[in-house]
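Here's the structure we're looking at; comments come further down.
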Amino acid sequence: MGMEQGAFQLLGYLLVLIQALGVAAAVHAVFTVRTAQGAIAWAISLLFMPYLTLLPYLVFGRSRFDAYIEARRQADLQMHRAMAELDWRPWVEEALTAHDSEAAQNLKVLARLGRQPPLANNRVRLLIDGENAFAAIFEAIAQAREVILLQFFIVRDDRLGRRLQRLLLERAASGVQVFFLYDRIGCHALPRRYVQRLREGGVAMHAFSVSAHSGLLNRFQLNFRNHRKLVLVDGRRGFLGGLNVGDDYLGGNPALSPWRDTQVELSGPVLACLQESFAEDWFWTTRQLPPLLLPERYPAGGVLCQLVGSGPADPQETGSLQFVAAINAARRRIWLASPYFVPDESVFAALRLAALRGLEVRLLLPSRPDHRVVYAASSLYAFEALEAGIRVFRYLPGFMHQKVLLIDGDTAAVGSANLDNRSFRLNFELTLFTVDAAFAAEVECMLQTDFSRSRELDREESRRAHRLKRLGMRVARLISPIL
């Protein structure tokens, strides 16, 4: 009897301790979480459900860990100082835009946010879906003669992953320098043998990790993931967009097939900015600079490009503000494709106001969920968008993963950033904005095809939804700031 009483007493002390820690964590969330919505979501859950949410908060919720942010900012400063000494791009500044169009002027805000200049005289090619994108990427890699830089959030040891592995080993054996950066959490299932085989074959391969230079506590931090996807070959051909390396992205998952995604191929001065983006992440991980090659020089003309890199160490909330700036600049049309539509208040307000101003605002979203809680929260936002006059389409053939924005008749954006809090504030992302009527027309044609393969939602669908389903959507939305 005495032992049982002692056990119950110990359990009571433990419960009181967890509740006290929950209160302390709730206060911490109020002071440190960047958005009011996120702070409220964490604080309420920590106060009333600490037994369920305390551990997730310690792992996911410390999104503004000052030691990491300061370490990352210092590393970026060191990297750019080292690059300044190289003077590696003497003529690129000639491509600084002197365009006086309204769309070009709007890029100035993005240039300040992304801390990269808008550059003219580029070539941009639209690559629709994985087969086309990886065919172009593998062709470029096979032709590499000097340096290959690669960065992916997810790499799988499957058929596509092994094709990439073999090609990189061949290039490394022929004397090409290969630098491969992958995210440690995104690639948690990647076998060690895959990485070891590449390293043994001469590929410099490293995992992007929060804890690299920011203290022991951050070894338990699962935020601050590097979600960027890019490939650079000899400083002449670059690729970025939404595709990772895995058979899923070629339609290999029957539940989500066919997979719909978009990538772009770049050449010209903007590759200097793309190399600098890779160099920041590589320097953070290794404290060394990768080789930087002068991009191919093109005559005046071509596509005006603005590369915007965003991340949790930015002085401004670049991930969210770049979309607010682009939406507010629209005068006629906004077409937006995103797999995860869980926007913050600023982005959602900008979209609704655009519709109320009389602009044609369309959203292209998946009809199949790959994350059910996110899909439920996204559905509620979609129904509220309908009430503001925004047209919402669900893509039917398979999972829609592209991140594409079309503004009016001349501005387009393709990148890695989703419309959710994780991309806005917790992940490192990369988005390319372009000003060019011909390229925008290609994006328009692509999206028109996607809309034709979609089902448009109507306002009655929200009213017809079962009460239990609506409750689930509202609960999902309540926790959406911390998804």
_Using the Karplus curve 6.51 cos²θ - 1.76 cosθ + 1.60 with θ = phi - 60°, what ³J(HN,Hα) values do you get for each residue of the range 325-330, in whole Hz, with x for Gly and Pro?_
4, 5, 5, 5, 7, 5
_Per-residue Cβ neighbour rank within 10 angstrom, fewest leading, LYS229, LYS108_ = LYS108, LYS229
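Given 0.36 nm per residue, what is the gain on full extension from ALA135 to LEU294 after removing their alpha carbon distance, in nm?
On the way: separation 159, 0.36 × 159 = 57.24 nm, distance 2.46 nm.
Computed gain between ALA135 and LEU294 is 54.8 nm.
Which value, in debye to the nearest 20, gives the size of the charge dipole of the range 233-340 about its Cα centre, when Lys and Arg are +1 and Asp and Glu are -1 at the Cβ?
Numbers: 8 positive and 11 negative charges, 101 e Å.
Once rounded to the nearest 20, the dipole reads 480 debye.
A short reminder: the numbers here are calculations on the coordinates, not readings from a lab. Being a predicted model, the structure only gives us computed values, none of them experimental. Please note: Cβ atoms are built from the backbone with ideal geometry, for glycine as well, and neighbour counts cover all protein chains shown.
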